[in-house]
Amino acid sequence: MEKYKSSISFKGNTDIGKHRTNNEDAFIAQQIWDDKHILAVAIDGVGGYEGGEVAAAIAQKTIVEYLENFPNGERLDLLKQAVVEANNKIVEERAAQPQFANMSCVLTACLVEVERKQINMVHVGDTRLYGYRGGELKKLSHDHSLVGYREEIGDLTEDEAMNHPQRNVIGRDVGSARHQVNDEDFLEAAIFQLLPDTTLLLCSDGLCDMLKTVEMVEVLQQKIPLNEKVQGLIEAANEKGGKDNVTVILIEYQNDEPVTEEILSNSGAEQTADTEKQNEANVSKQKKSRPVSQVIIIAALILALLLGLAGGWLIRDRLCNEQPVQETPSDSTQN
């Protein structure tokens with residue numbers, strides 16, 4: 001049996017866009033601890049000139065340093081702790097530098113465990129995580145904004161949401177207040193399975209505010225190197241207006257498993273299911289046969305008891321018939 005081969009690669013980039021004078025976005029795209037873990041974070045600064053840029057830089061630096069210092073532990077918990085650490089570092093910097101008193105950021109962070117084929121996500125704000133597979137692009141994160149929520153429930157179309165005047169009004173951010181890991185209404189955390197032939201897309205709203213889902217798919221489905229896909233998405237956003245900074249990170253997981261291996265794997269699963277069904281059927285049959293056996297045994301016991309009783313009556317009658325009959329004196333002999 002041929003062993004399957006798989007590979008994972010990642011690329012990221014950020015661009016100032018067509019209208020901004022500075023780039024408040026930042027990103028992380030690197031291996032962490034070893035080549036079996038990939039850290040990707042799309043960060044969008046909030047707070048105007050320089051402030052958002054400073055907050056994004058703090059988040060970028062803190063998340064990497066925190067994870068490098070704590071290589072052991074449950075991966076999703078570590079990622080949550082790293083984001084909380086970044087949040088509180090920004091809060092401290094706001095207090096230390098009054099000119100940045102309004103700075104914060106939003107971010108989407110992914111820690112991919114290659115061997116376990118698991119994606120750990122921590123998300124705050126309106127940056128996004130998408131999964132692209134089989135020609136379909138699916139949003140995995142949830143926008144922490146009223147407009148984003150209305151789009152997700154179908155109250156607004158994608159076009160309406162993209163052009164809504166309150167599109168960029170967010171309900172959560174990183175850095176405006178101190179937080180702990182388990183605080184409500186702060187971190188959105190989730191675990192997803194890393195499926196074969198999947199591309200993960202992390203981005204700032206500078207991409208998804210400019211490009212519709214179908215337009216992103218047009219770039220992702222091209223047979224070009226990963227870095228060209230990253231640049232293609234950024235260029236497409238700029239061509240549509242480039243109203244904001246644009247950050248794009250792609251993680252591509254390819255599985256070169258042969259068709260025969262896949263068939264064997266699938267048939268094995270089917271066999272397992274069939275075996276379980278057969279076992280269930282056998283158990284069902286056994287459960288149904290037990291009352292029949294019990295009835296036969298009980299019937300045999302009753303029959304034996306009846307035969308025993310009948311035999312006893314026959315013997316009793318026979319013994320009664322063999323006893324001598326004593327004559328009773330007739331009345332004539334009496335005086």
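Would you say ASP185 is over 25 Å from GLN221 (Cα atoms), out of contact with any Pro (no Cβ under 7 Å at 6 or more places or on another chain), of a type in the set (Asp, Glu) and modelled with pLDDT under 95? Yes: the conditions hold for ASP185.
Applying the condition of being among the aliphatic types (A, V, I, L, M) and open to solvent by 40 Å² or more (accessible area, probe 1.4 Å) to the range 78-126 and asking which residue is farthest from VAL174 (Cα to Cα) yields ALA96. Which residue is least open to solvent (accessible area, probe 1.4 Å), if the candidates are limited to the range 1-33 and must be of a type in the set (D, E, K, R) and assigned to a strand (DSSP E or B)? Only one residue fits best here, namely ASP25.
Just wondering, is there one or more residues in the range 254-276 that are at pLDDT 95 or above and within 22 Å of GLN30 (Cα to Cα)? Checked against the condition, which is being at pLDDT 95 or above and within 22 Å of GLN30 (Cα to Cα), the range 254-276 yields no hits at all. The set of residues from the range 197-215 being among the aliphatic types (A, V, I, L, M) and either under 22 Å from ILE8 (Cβ atoms) or surrounded by 14 or more Cβ atoms within 10 Å (Cβ to Cβ) (or both) comprises LEU200, LEU201, LEU202, LEU207, MET210, LEU211. Does the range 182-189 include one or more residues that are among the aromatic types (Phe, Trp, Tyr), more than 24 Å from GLN81 (Cα to Cα) and outside any strand (DSSP E or B)? There is no residue in the range 182-189 that is among the aromatic types (Phe, Trp, Tyr), more than 24 Å from GLN81 (Cα to Cα) and outside any strand (DSSP E or B).
Note on the range 127-169: residues that are within 20 Å of GLY47 (Cα to Cα), touching an Asp or Glu at 6+ places or on another chain (Cβ under 7 Å) and modelled with pLDDT of 95 or more amount to 3.
For the range 222-240, residues that are outside any helix (DSSP H, G or I) and either modelled with pLDDT under 95 or basic (Lys, Arg) (or both) total 2. Residue count for the range 34-48 under the criterion of being open to solvent by less than 20 Å² (accessible area, probe 1.4 Å) and in contact with a helix residue (DSSP H, G or I) (Cβ under 7 Å, 6 or more places away or on another chain): the result is 5. Number of residues in the range 161-194 that are touching a Gly at 6+ places or on another chain (Cβ under 8 Å) and hydrophobic (A, V, I, L, M, F, W, C) equals 4. Out of LEU194, LEU220, LEU187, one residue alone is of a type in the set (A, V, I, L, M), farther than 28 Å from ILE16 by Cα and either under 24 Å from the mean Cα position of the chain (by Cα) or open to solvent by 20 Å² or more (accessible area, probe 1.4 Å) (or both). It is LEU194.
Across the range 163-179, not a single residue is classified as over 18 Å from CYS203 (Cα atoms), under 24 Å from the mean Cα position of the chain (by Cα) and open to solvent by 90 Å² or more (accessible area, probe 1.4 Å).
For the range 35-73, filtered to residues that are out of contact with any strand residue (DSSP E or B) (no Cβ under 9 Å at 6 or more places or on another chain), without any contact (Cβ under 8 Å) to a residue 40 or more places away in the chain and in a loop (DSSP other than H, G, I, E, B), the residue that is farthest from ALA109 (Cα to Cα) is TYR49. When we screen ILE119, ILE58 for residues that are more than 16 Å from PHE27 (Cα to Cα), aliphatic (A, V, I, L, M) and modelled with pLDDT of 95 or more, the only hit is ILE119. Annotation note: Cβ proximity below 7 Å between a residue of the range 99-120 that is touching a residue at least 24 places away in the same chain (Cβ under 8 Å) and under 10 Å from HIS37 (Cα atoms) and a residue that is open to solvent by 10 Å² or more (accessible area, probe 1.4 Å) and outside any strand (DSSP E or B) (sequence gap 6+ or interchain) occurs for LEU111/ARG75; GLU113/ARG75.
The values are calculated or read from the model by the stated rules, or taken from the named source; none is laboratory data. Remember, predicted model here, so these are calculated numbers, not experimental data. Don't worry about glycine lacking a Cβ; one is built from the backbone with ideal geometry, like all the others, and counts go over all protein chains shown. Only protein heavy atoms, including side chains, enter the accessible area calculation; ligands, DNA and RNA are left aside. Shrake-Rupley method; radii C 1.70, N 1.55, O 1.52, S 1.80 Å.
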